[in-house]
Amino acid sequence: MPKQELERNENVIPGEWHVRYKYSVGKVAGKFFDGLKQKKILATYCSNCKLSFLPPRAYCERSFEPCDSWIEAGLEGVIEAATIVTAEFENLPKPPYAIAYVRLDGVSTAMINFVRGLDLSNVERAAERLTPGTRVQVLFKDAPEGRITDFHYILPPA
Amino acid sequence: MPKHRVAVIGVGETVFKTKIDDKTYVELAQDAAKAALDDAGLTPTDIDAIVFSMAPTQFMGVNDVDKWAVDSIWASGKPFMRVHTGGATGGSALHAGYAHVASGMYRTVLVVGADRVTETRDAQHILNLIWDPFYEQDFALNTVTMTALSTQRYMHKYGTTEEQYARVVVRSRKNALKNPYAHLKGNITVEDVMNSPRMSWPYKLFDICPRSAGAAALVLANQEVTKERCSRPAFINGIGGTTSTVFMGDRVGPRTDAELSDEAEFVSAGKEAYADAAITNPIKQIQVVELYDPFSSVQFPQLESLGFCKRGEAQNLSDEGAFDMGGLLTVNPSGGTLCSNPIGVTGLVRVADAALQVMGKAGEGQVAGVQNALATAIGGSVQFVNCTILGADHV
């Protein structure tokens, strides 16, 4: 144990929380996750505003009307924001890794996911390859399970 | 317009540091409450109602800790509420206290809270859990990575350099030298910031606030009590706030109505507060701002959205010294959130430090001739924002 932690432990009472949950998925997210199992990314669409949403919403948040149809998002899109994480955080993946908000073709909003397959050994150089406007592709797992982690983004092969 | 004018007549802050081992959480809150009451010359019986400022309690580890704090802050027998809007909590709590007095419901309100962010080992573990478990939590979002994302976007738009953010850190730590309560302080260089370990592009360690323990409290009063008790109050002349979707991905692209990288929510929140306070030219009428800035990149878009300069200009004004102590606009004379971040009260500390400037009580860090000061707070996925304008005179 590091010295700093030993000192701290002299006059404290330790505690831990263990709490378990089962999150209800509902109809809208349920349809989205069923789509993932077929390697499709499904967005909800509001014909009133001509806005399409990922993650999908039951209601359009501009018109306050129910989203009235589903559309299939393109499996390519554009980076809107990205970062390369080099710090280690508790309960989060081992660094380094890259994450990005990507707006898939045909969709008004962007969805976050990992960008994999990029050499992150030089952070500055890797960051230059993830600037907003860069095109990326969706890559699905071989056997999707109906979870958001069924896919990630990759830079198109050179 | 409010029915009753509201003023800050008492301010209490504790020191902010990593660990405060000689007190429990509730004793810390009590220290701030006592200090604010003493500053106002009031006793607990003079207070009509209490607003408790506290964000996620998982950092300090007692679920909904406000109930434990009741006795320590002399709330028994009085109306009490806790306000929680993440990092914006302190500003929102202040606004709730303001509404209590402005409506005529209460004459005096104590707004108080405390936090101990390092009671748990990694605050970012808890902050990751504020995202939904369906779509976003799996992708390592936390407050460091979420603002790194919007900062990368801002830099791409306006050509901002990492060195320009480093200068903000240098200025903040220097200002904090004159604030006896500040957590991080000192004379550091741009190179020190640039050489600190990389965390999440473009952030280095020194671009990021510390995790602090500490407490703050404010006594708010109506005009009648203010007249009796306080010769130099800070009038709350304007408040404004708004809320955005949790999804940051909705705030990018051609169809967005609030651009993520610009912290565009501050445009409407600022307008609302300026209208109340009769501010028509912020850079001329406001001398001091206490911005909520847990990261070095949070000041520029905020200053631009609040109308102090045009989009993309804040970085150059910062380089030229316009935001230094006694400059065109003094930004965070306290050192700001970059130097102290007790999350549950940080927004309240912004208002407290702005009020001290207006009341002429900011000690060594006092800026001369402060007529108006602005305090801000931000919470959630940069989705709750609020502004408070304090004035030496009432509008």
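A convex hull fitted to the Cα coordinates of the protein assembly as shown yields 158 cubic angstrom per residue. For the range B:1-135, the spread of Cα positions along the three principal axes, ordered from largest to smallest, is 44, 39, 24 Å. Semi-axes of the equivalent ellipsoid for the range B:197-241, computed as √(5λ) from the eigenvalues of its C-alpha gyration tensor and ordered from largest down, come to 41, 14, 8 Å. Percent of Cα pairs in the range B:10-79 per distance bin of 5 Å, from zero to the largest separation: 3, 15, 26, 26, 18, 9, 3.
The Kirkwood hydrodynamic radius of the range A:73-112, based on inverse pair distances between different Cα atoms, is 11.3 Å. Relative contact order of the range A:20-154: 24 percent, from C-alpha pairs under 8 Å at least 6 residues apart in sequence. Helix B:162-176: angle to the longest alpha-carbon principal axis of chain B, degrees 0 to 90, nearest 10? Once rounded, the angle reads 30 degrees.
With contacts taken as Cα pairs under 8 Å and at least 6 residues apart, chain B reaches a relative contact order of 26 percent.
What value, in deg cm²/dmol to 500, does the helix sum -39500 (n - 2.57) over DSSP H runs of n ≥ 4 give at 222 nm once divided by the residues of chain A?
Helix contribution divided over all residues of chain A: -4000 deg cm²/dmol.
The protection proxy used here, the mean number of other Cβ atoms lying within 10 Å of each residue, ranks peptides B:264-275, B:69-80 as follows, highest first: B:264-275, B:69-80. The lysines whose alpha-carbon is closer than 22 Å to the alpha-carbon of B:Lys78, local same-chain residues fewer than 8 away aside, are B:Lys34, B:Lys67. For the range B:193-226 versus the range A:70-123, the spacing of their alpha-carbon centroids is 28 Å.
Using bins of 5 Å that start at zero, the share of Cα-Cα pairs per bin across chain A amounts to 2, 8, 14, 15, 15, 14, 10, 8, 6, 4, 3, 1, 0, in whole %.
In chain A, the longest principal axis of the Cα atoms and the axis of helix A:26-37 are about 90 degrees apart. Distance between the 7 Å Cα→Cβ label points at B:Leu328 and B:Thr45: 5.4 nm. Take each residue of peptide A:73-83, count the partner chain Cβ atoms within 10 Å of its Cβ, and average: the result is 5. Springs join every pair of Cα atoms under 10 Å in this Gaussian network model of chain B, and among B:Asp250, B:Asp353, B:Asp22 the largest mean-square fluctuation is at B:Asp22.
Jot down the per residue volume, in cubic angstrom and as a whole number, of the convex hull over the alpha-carbon atoms of the range B:282-395.
Details: hull volume 11.9 nm³, N = 114.
Roughly 104 Å³ of hull volume per residue.
When each of the peptides B:203-216, B:378-391, A:74-87, A:40-53 is scored by how many other beta carbons lie within 10 Å of its residues on average, the order from highest to lowest is B:378-391, B:203-216, A:74-87, A:40-53. Legend: residue pairs B:Lys271/B:Lys310; B:Lys17/B:Lys174; A:Lys141/B:Lys157, Cα-Cα distance threshold 26 Å; pairs beyond threshold, A:Lys141/B:Lys157. Here each label is just a point 7 Å from Cα along the line to Cβ, and for B:Val246 and B:Arg121 those points are 2.7 nm apart. Kirkwood Rh over alpha-carbon pairs of chain B, then Stokes-Einstein at 25 °C and 0.890 mPa s: what D in µm² s⁻¹, rounded to an integer? Reported coefficient: 119 µm²/s. Legend: calculated FRET efficiency, A:Ala158 to A:Glu65, from the Cβ-Cβ distance at R0 = 45 Å, rounded to 0.05, equals 0.55. Peptides B:11-21, B:217-227, B:235-245, ordered by how many other C-beta atoms sit within 10 Å of their residues on average, highest first, read B:217-227, B:235-245, B:11-21. The helix-only estimate of mean residue ellipticity at 222 nm for chain B, built from DSSP H runs of length n ≥ 4 each weighted as -39500 (n - 2.57), is -10000 deg cm²/dmol after division by the residue total.
Projected onto its three principal axes, the C-alpha set of the range A:101-158 covers 35, 26, 19 Å, listed from the longest axis down.
Solvent-free Debye calculation, one equal scatterer per alpha-carbon of the range B:172-293: log10 I(q)/I(0) at 0.10, 0.11, 0.14, 0.15 Å⁻¹ equals -0.56, -0.67, -1.04, -1.14. Remark: mean inter-chain Cβ contacts per residue of B:253-260 equal 4, using a 10 Å Cβ-Cβ cutoff to other protein chain atoms. Relative to the longest principal axis of the Cα atoms of chain B, helix B:265-277 runs at roughly 40 degrees. Residue by residue along A:104-116, Cβ atoms of other protein chains within 10 Å of the local Cβ number 4 on average.
Quick note: the coordinates plus some simple rules give every number you see, no bench work behind them. As the structure is a computational prediction, the values presented were derived from the model and not from experiment. So basically every Cβ, Gly included, is an ideal-geometry build from the backbone, and we count neighbours across all protein chains shown.
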